[in-house]
Amino acid sequence: MKGSVNIQNISTADKCQHELLVKPKLLVRPITLRIANKFVAENHRHYKPVVGHKYSIGCYLANELVGVAIVGRPISRKLDDGLTAEVTRLCTKGTKMAASKLYAACWRIAKEMGYTKIITYILESEPGISLRASGWICEDEKCGGLTWNSSKGITRTDEATNLFGSIKKYPNEYKKRYAKKFSD
C-alpha cells in the first residue's frame, strides 16, 4: 500500500519516533466547574461534585474528556492561609498518565497564580503513585477523621445522593495529605 510504513523494517529509535507521531497525546485544557462536576458525578468512585472552585481543568485524549481536576481553597480552615490551594477533586476514566498530567498541571497553574503551596488528600488505601510521579510529597499519613460533624450539628453519613439520583458510599478511612511547595 502506497504511503504506509512497515514497522517491522525500521530501527528501534525510528519506531519510538513513529509512535510519538501516531499516538494521540494527552492535552490539558481549562473547563467549567459545571463540566468538571458532571464528570465527577458520572465517574468518581466515592465523592460527589463540589460547590465552588478557583479553577478546573480537563485532560483530553483525541478530543475525549478522560479526566478532570478541580482546585479550590483548602477545606481545612487551619491550612487556608490565602497562599495554599487544594486539589479538591481529581477523577479520571483510568487513562494511563492522565492523573499525573492533571496533578502536574494543577501545580503549574497554582504557581502561576501566586500560590506558595498546593495540597490534596487521598484515601489511606490509595497508593499515591500519580502524586509521587508528579513530584508531590506525603506530608501526613493519617489526616482527617473517619467521620465529621459540622458546627451546625450535621453528621456525615455513609451514603449520599448525587446530582443524578444514584447512591454512593463514602469511605470511612483516614486520608493521606500530599503537598508540593513552590521553591522558586
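Rule-based calculations on the coordinates, nothing more; no lab input. It should be emphasised that the depicted structure is a prediction, and the values quoted were computed from it without experimental measurement. We place every Cβ from the backbone using ideal geometry, glycine too, and count neighbours over all the protein chains shown.
If we count other beta carbons within 10 Å of each Cβ, what is the order of Thr120, Thr32, Thr84, Thr95, fewest first?
Numbers: Thr120 24, Thr32 11, Thr84 18, Thr95 15.
Fewest to most other Cβ atoms nearby, the residues stand as Thr32, Thr95, Thr84, Thr120.
Quick check on my link table: of Lys38/Lys142; Lys23/Lys175; Lys48/Lys96, which ones sit more than 28 Å apart, alpha carbon to alpha carbon?
In this structure, Lys38/Lys142; Lys23/Lys175 lie more than 28 Å apart at Cα.
Taking 0.36 nm per intervening residue step and subtracting the Cα-Cα distance, what contour gain separates Asn43 from Lys142 on full extension? Working shown, then result.
Working: separation 99, 0.36 × 99 = 35.64 nm, distance 2.58 nm.
Going from the current span to full extension adds 33.1 nm.
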